[in-house]
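**Q** Supplied in structure tokens, the structure appears directly below.
Every number in this text was worked out from the coordinates using simple rules, so none of it is lab data. Note that the structure is a prediction, hence the values are computed from the model and not measured. Neighbour counts run over all protein chains shown; Cβ positions are idealised from the backbone, glycine included.
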Amino acid sequence: MSRSLCLLALLVVTLPVAAAASANDEFHVDQFRLDNGMKVLVREDHRAPVVVSQVWYRVGSVDEHRGVTGVSHVLEHMMFQGTDDLKPGEFSEVIARHGGRDNAFTSHDYTAYYQEISAADLGLCLKLEADRMTGLTLAPDEFRRELRVVQEERRQRVEDEPRSLTYERLRAAAYPSSPTRSPTIGWESDLKNLTIDDVARWYHRWYAPNNATLVVVGDVDPKHVLALARKYFGDKKARDLPSRSPASEIEPRGETRLKVHAPATLPYLAMAWRVPSLTTVDDPHDVYALDVLSGLLDGGRSARIERNVVRGSGIASGAGASYSPIARTDELFSVGGTPAQDHTVDELEKALRAQVEALRKGEITVDELERVKTNIRAGDVFQRDSMFYQAMRIGMLETVGVGQAAYEAYREGIRKVTAADVQRVARKYLTDERLTVAELVPEGVSGKGQATRDGKGPIEGQSDVVR
Amino acid sequence: MWFDNLRWLRLAAGAVALVATVPALAGPDVQQWTTANGARVLFIEAHEIPAVNVQITFAAGAARDGDHPGIAHLASNLLMSGTQKMTADALARAYEDHGAEVSTGSARDMGWVEFRSLSDDEQLWSVARTVAQMMAKPAFPASEIKRLKDQQRTSLEDEAQSPGDIAQRAFWKAVYGDHPYGHDPLGTKDSIAAMRRADLLAFHDRYYVARNANLAIVGDLDRAQAEKLAHELTAPLAKGQPAPALPPVPRLDHDVTVRKPFPSTQAHVLIGRASVARGYERWPALYVANHVLGGGGFSSRLFSEVREKRGLVYSIYSYVSPMADPGPFIIGFQTRGDQADQAVGIVRDQLDRFLDQGARQDELDDAKRNITGGFPLRIDSNSDLAGYLSMMGFYGLPPDYLARFPKRVADVGTTEARAAFADAVGSAPRVTVIVGGGRAEQGGQGTQ
């Protein structure tokens with residue numbers, strides 16, 4: 001893959017496809033629950049004397065309302081800025097002194113904190129996590145400074161990244177009414193107006209043991225982990241969690257198109273269909289089939305987009321597809337890319353639509369279906385090489401609400417997907433009614449950028465262009 | 001695809017750059033041998049997962065471009081375009097029918113092929129034979145040359161719309177000038193257009209040869225199987241010659257500051273110079289010193305002064321990247337355009353102070369604890385180990401390099417750390433590159 005061409009902007013995280021392996025190597029996870037409702041999930045992996053410890057909170061940007069977008073992520077930053085017992089920054093310093101590394105991440109669906117450290121220091125991690133679950137200082141000075149850091153983060157990741165900017169606008173257009181639309185990092189104007197009170201309210205509302213899951217993977221004994229969890233988190237009081245608004249979204253009534261103007265030299269196209277996730281789907285077989293469909297389009301260099309659109313017709317310089325079925329709300333099934341030299345965004349759109357159309361017509365060979373499944377199986381083996389991603393999967397499944405059993409069901413489900421299933425979900429979900437198409441219009445990079453109209457591209461109507 | 005919605009890490013950039021320069025740990029038994037036609041092999045047996053990770057590196061990076069800037073990059077990409085017996089489509093199917101992940105890549109020093117495969121006989125040997133054919137007998141078909149030249153031109157345009165990439169390109173040019181590290185590994189529009197198939201074949205035939213190759217193998221094999229694997233992978237390669245040494249790096253005779261306008265909200269800043277080559281004898285001391293300054297993530301001085309105290313940046317880091325010739329020392333960060341000069345002033349001040357006074361004892365102790373204590377983490381996966389073995393093999397480091405590194409770090413004192421940093425980063429002239437930030441007023445009002 002060429003050096004600096006990020007194909008689907010935010011979408012391309014080239015981690016191995018999770019999933020199916022042969023039935024004989026079940027992925028065992030020990031599961032406990034403390035009296036206060038906190039879940040404790042442990043996966044033993046004794047390859048090295050180390051451990052990955054993660055605390056997941058079921059709160060993310062889909063829980064945010066207008067005016068405070070980004071507050072989950074700002075709170076994540078503030079979780080490193082001191083407690084009754086620790087100075088700002090001291091959490092990470094303590095972990096570093098013990099040879100560990102720590103960080104955190106926020107998504108639409110969750111906020112999670114992790115340490116990777118010597119297995120002997122697991123207790124230290126849990127003690128520190130327990131401390132900041134309830135004892136955060138939230139000092140105004142630290143908040144003002146950290147908010148500037150987050151604004152720099154937004155500039156770095158979105159404002160100055162034309163493809164990220166395009167995908168952010170695409171998501172907002174695809175979901176016109178629900179909080180699913182807003183970016184996890186928050187809209188710029190909301191970040192500017194966010195207050196320490198907003199952050200404190202968020203912390204006191206959502207950070208409680210009954211909204212948290214501890215995931216530990218590594219060289220540990222599950223019973224010992226449970227004992228440590230009881231010791232440090234056992235006395236935390238459960239809290240009444242607010243009812244969550246059902247984040248329902250208005251029905252799509254026709255294709256949505258938008259253009260995003262930005263300082264750039266290369267055009268870019270992203271197309272996304274609103275499809276269900278594991279938590280919102282009526283029948284999970286639809287999700288398994290969509291995942292296989294995604295593999296048919298972009299499961300490697302032999303898959304359709306690379307074979308037909310990048311190599312065959314040469315219309316795309318780079319292109320891909322993406323679908324993440326572990327989510328609390330509906331998800332986007334995305335395809336997109338950058339047109340090759342002497343080709344246009346229109347041609348690319350036609351070529352990508354033709355790939356989808358072929359699947360809708362059921363033009364799928366047994367060979368390629370098997371290849372996709374083989375690669376999903378192999379990816380599952382490769383993934384066991386990383387304790388961190390084992391922990392990620394455990395935490396995501398639990399936090400979005402489908403639980404660990406969903407993984408075995410997924411592996412089994414993938415095995416049973418047929419060409420007819422793929423055709424059926426292509427017809428059911430990859431329809432123009434559910435589609436949003438965003439085009440990045442490059443405005444050049446000379447001058448100071450006044451022509452970018454503040455980076456905001458017009459949204460070109462939400463029309464009923466159906467087929 | 002299940003993990004695509006992982007988006008916002010508190011600190012992302014910087015950490016990535018560090019990985020390549022972090023040496024790893026004691027423990028695993030590193031075996032070494034040379035294949036019949038002269039390729040060096042490093043191997044670690046690891047049976048926990050039924051898979052094998054392999055990296056084959058060649059001294060075939062952009063430093064070998066010669067009169068054809070960008071040719072190493074194109075030749076590397078073309079490897080996946082088919083062999084003398086298989087089309088690009090057939091090649092991709094041959095790997096993916098067996099569930100193998102295969103890729104090629106190149107940087108300034110190296111071109112490489114890497115793959116991972118399930119380790120059972122049915123999968124592994126077929127994959128290995130195909131990889132061997134691909135490395136030794138690629139087809140370089142005319143249609144693929146045209147397509148990948150176009151793709152490389154698109155990559156150039158992509159670089160031109162990224163202030164971070166523009167800054168990198170300007171930095172390497174300013175530090176290395178006409179040295180083979182100085183040019184953009186993508187080449188130029190003209191140089192890409194001028195490359196002929198014969199040039200590409202000549203490049204391949206010169207550099208993708210056994211005596212210019214190093215293999216790193218980690219996985220579920222015993223020694224006999226690993227030897228067989230190394231043989232299968234290298235036997236079709238011509239014996240050839242190792243690549244010659246690179247010319248010396250020129251010395252700057254005065255500080256250089258490069259400013260380039262770009263309509264971004266942030267300015268991208270790089271400050272640095274040419275530093276040391278891989279194999280530098282005081283590397284552990286230099287590594288510890290840099291860890292204190294800007295290599296140690298959340299606990300480094302630069303992070304503390306520029307982000308934690310002043311909120312000027314999201315990411316800031318420093319690293320030394322030892323290469324075949326002296327590689328760069330770089331401090332990098334991004335900040336809202338109108339704050340760039342302020343931030344540059346603070347960073348220069350911190351660097352000068354650090355050169356002058358070195359690390360405090362407590363900082364040094366913390367850094368050493370982090371590095372030695374974190375060793376098991378850095379080698380807790382086969383893919384990590386394969387990366388380290390590959391680096392060791394390519395740069396000719398001894399097989400016990402990993403095992404000895406923690407002890408060497410533990411022995412570093414404040415005096416050695418300061419002396420090594422002064423020697424490798426010292427008061428020699430520096431390059432400062434500042435790109436963009438012109439849109440700061442419109443796009444990114446702050447909260448000051």
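**Q** For a quick check: with amide H placed at 1.01 Å from N, whose amide H comes under 5 Å from B:A139's, ignoring anything fewer than 5 positions away on the same chain?
**A** Result for B:A139 returns B:G82, B:T83, B:Q84.
**Q** Considering the Cα trace of the range A:256-455, what is its radius of gyration and what is Dmax, both in angstroms?
**A** Just the Cα atoms of the range A:256-455 yield Rg and Dmax of 18.3, 56 Å.
**Q** Can you compute the charge dipole magnitude of the range B:30-234 about its Cα centre, using +1 on each Lys and Arg Cβ and -1 on each Asp and Glu Cβ, nothing else charged? Give it in debye, rounded to the nearest 20.
**A** 780
**Q** Within the range A:245-297, which trypsin sites (Lys or Arg not before Pro) sit in a loop by DSSP and count at most 16 neighbouring Cβ atoms inside 10 Å?
**A** Sites meeting the loop and neighbour criteria: A:R253.
**Q** Return P(r) of the range B:274-402 (all Cα-Cα pairs; 10 Å bins starting at 0; whole %; ordered from short to long distances).
**A** Result returned by the calculation: 12, 37, 34, 16, 2.
**Q** Using the structure shown, select from A:K373/B:K189; A:K259/A:K416; A:K39/A:K416; A:K361/A:K416; A:K127/B:K368 the pairs with a Cα to Cα distance greater than 30 angstrom.
**A** Among A:K373/B:K189; A:K259/A:K416; A:K39/A:K416; A:K361/A:K416; A:K127/B:K368, the Cα-Cα distance tops 30 Å for A:K373/B:K189; A:K259/A:K416; A:K39/A:K416.
**Q** Can I ask one more? Could you state the number of Å between the C-alpha centres of the range B:257-276 and the range A:129-201?
**A** Cα centres, the range A:129-201 to the range B:257-276: 27 Å.
**Q** When Cβ neighbours within 10 Å are restricted to other protein chains, what is their mean count per residue of peptide B:252-262?
**A** Mean partner-chain Cβ count within 10 Å for B:252-262: 1.
**Q** Taking neighbour counts of Cβ atoms within 10 Å as a proxy for exposure, in what order, fewest first, do A:T436, B:T432, A:T166, B:T188 appear?
**A** B:T188, B:T432, A:T436, A:T166
**Q** In terms of the ratio Rg/(2.2 N^0.38 Å) built on C-alpha atoms, what value belongs to the range A:28-233?
**A** It is 1.06.
**Q** Using R₀ = 22 Å, calculate the FRET efficiency as 1/(1 + (r/R₀)^6) where r is the Cβ-Cβ separation of B:D365 and A:K127; round to 0.05.
**A** 0.50
**Q** Same structure, new question: Taking the alpha carbon gyration tensor of chain A, what are the square roots of 5 times its eigenvalues, largest first, to the nearest whole Å?
**A** Taking √(5λ) for each Cα gyration eigenvalue gives 37, 28, 20 Å.
**Q** Taking the Cβ of each residue in A:V287, A:V441 as the centre, tally the other Cβ atoms inside 10 Å and list the residues starting with the fewest.
**A** Least crowded to most crowded, the residues run A:V441, A:V287.
**Q** Please report, in debye to the nearest 20, how large the charge dipole of the range A:28-233 is about its Cα centre when each Lys and Arg carries +1 at its beta carbon and each Asp and Glu carries -1 there.
**A** Magnitude of the dipole: close to 420 debye.
**Q** OK, next. How many percent of Cα pairs in the range A:287-388 exceed 22 Å?
**A** Tail fraction, whole percent: 35.
**Q** Share of antiparallel DSSP beta bridges in the protein assembly as shown, in percent to the nearest 5?
**A** For the protein assembly as shown, the DSSP antiparallel bridge percentage is about 80.
**Q** Still on this structure, I have one more. Take the alpha-carbon positions of chain B, form their convex hull, and give its projected area averaged over all directions (one quarter of the hull surface) in nm².
**A** 21.6
**Q** Report, by chain and number, residues whose modeled amide H sits under 5 Å from the one on B:F333, excluding near sequence neighbours (fewer than 5 apart, same chain).
**A** B:V269
**Q** Let me ask something else. Only sites in a loop by DSSP and with at most 13 other Cβ atoms within 10 Å count here; which trypsin sites (Lys or Arg not before Pro) in the range B:284-362 make the cut?
**A** B:K309, B:R360
**Q** Another question, if that's okay. Determine the shielding of peptide A:158-166 by partner chains: average, over its residues, the number of Cβ atoms on other chains within 10 angstrom of each Cβ.
**A** 4
**Q** Size of the protein assembly as shown along its principal axes in angstrom, Cα-based, largest extent first?
**A** Over the protein assembly as shown, Cα extents along the principal axes are 71, 69, 60 Å.
**Q** Per-residue ellipticity at 222 nm for chain A, helices alone: DSSP H runs ≥ 4 residues times -39500 (n - 2.57), over residue total, nearest 500 deg cm²/dmol?
**A** It lands at -11500 deg cm²/dmol.
**Q** Oh, and also: Along each of the three principal axes of the Cα atoms of the range A:352-420, give the extent in whole Å, ordering the values from largest to smallest.
**A** 38, 25, 24
**Q** For the range B:30-234, restrict the atom set to alpha-carbon positions and state the Rg and Dmax in Å.
**A** 17.8, 51
**Q** Rounding to the nearest 20 debye, state how big the charge dipole of the range B:28-141 is about its Cα centre with +1 on each Lys and Arg Cβ and -1 on each Asp and Glu Cβ.
**A** Here the range B:28-141 has a charge dipole of around 500 debye.
**Q** Inside 10 Å of the C-beta atoms of A:141-153, what's the mean count of C-beta atoms belonging to other chains?
**A** Whole-number average of other-chain Cβ neighbours for A:141-153 is 6.
**Q** Using the alpha-carbon centroid of each, what span in Å lies between the range B:71-145 and the range A:226-272?
**A** Each part's Cα centre sits 39 Å from the other's.
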